[in-house]
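The values are calculated or read from the model by the stated rules, or taken from the named source; none is laboratory data. Keep in mind that what you see is a predicted model, and the values were worked out from it rather than measured. Cβ atoms come from the backbone with ideal geometry, glycine included; neighbour counts cover every protein chain shown. Remember, those area values only see protein heavy atoms, side chains included, never the ligands or the DNA or RNA. Shrake-Rupley method; radii C 1.70, N 1.55, O 1.52, S 1.80 Å.
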Amino acid sequence: MNKSKLLGFALGPLGSAAIGFVTLPMLAWFFSAEDIGRIAMLQVATNFAVILFTFGLDQSYAREYHETADKPALLKAATLPGLATLAVLLLALLALRPGLLSQALFAVDDGTLSAIAAASILATFVSRFLSVILRMEEKGFAFSMSQVLPKLLFLALVVAYALAVPGRAFFMLLAAYTLSIVAVMFAYAWNTRHAWVPALAARLDRRRLRHLVAFGFP
């Protein structure tokens with residue numbers, strides 16, 4: 001890997017840290033400590049869900065990437081188990097107890113907030129695998145942007161909302177956070193369409209899936 005690619009990968013952590021340094025004081029200026037704490041809870045829950053429901057298959061995908069000729073099939077085998085499990089779980093929660101997720105994260109029993117939070121969690125999960133594709137293709141700058149753009153877009157939406165609307169509603173803060181994640185997910189889906197579109201039609205190899213799970217799940 002040459003210096004330019006290494007620099008591209010380094011931009012992600014550096015840019016994320018710089019934006020985070022600006023974002024927290026900005027949020028504290030416009031929103032209450034309670035609302036900021038709620039968003040922090042969502043971020044913790046989202047990170048935990050991504051770690052748990054990837055089943056370590058993102059690491060298996062990275063390990064097998066250069067040794068596998070049928071990369072679309074590999075991507076499908078690595079992504080499908082966690083994505084299907086997480087989607088079914090979130091849909092079941094929303095159907096059986098619409099306000100449960102919101103109550104657990106925000107101490108507010110609200111089905112709409114639960115649905116927005118679920119969309120945020122699912123979009124982050126998908127973005128995780130899209131970013132791994134970029135990393136394995138050694139697209140350092142694009143990979144770094146997968147870390148920086150959600151934070152940058154969230155900051156821009158918060159500032160725009162805070163300046164345009166006198167009241168500071170948590171709903172709008174949550175909507176801005178989720179919108180930034182979903183928008184970036186679609187951007188990366190477009191940039192990696194050459195990898196995941198063929199994966200949709202690829203055959204799911206159960207033997208390969210067992211191999212990936214055996215490596216990644218522990």
To test your reading of the geometry: what angle, between 0 and 90 degrees and rounded to tens, separates the Cα axis of helix 3-30 from the longest principal axis of the chain? 20
Modelling each spin label as a point 7 Å along the Cα-to-Cβ direction, I'd like the residue 44/residue 80 distance in nm, to one decimal. 3.6
Solvent-accessible surface (1.4 angstrom probe) belonging to residue 63, in square angstrom, nearest 10: 120
When N is the residue count of the chain, what does its C-alpha Rg come to as a fraction of 2.2 N^0.38 Å? 1.08
For region 95-161 the translational diffusion coefficient, Stokes-Einstein from a Kirkwood Rh over Cα pairs at 20 °C and viscosity 1.002 mPa s, in µm²/s, is roughly 155
Calculate one ³J(HN,Hα) per residue across region 33-39 by plugging θ = phi - 60° into the Karplus curve 6.51 cos²θ - 1.76 cosθ + 1.60, and present them in order as whole Hz with x for glycine and proline. 4, 5, 5, 5, x, 5, 5
HN-Hα J couplings of region 149-164 from phi, Karplus 6.51/-1.76/1.60, θ = phi - 60°, integer Hz, Gly and Pro as x? 4, x, 5, 5, 5, 4, 4, 5, 5, 5, 5, 4, 5, 5, 7, 8
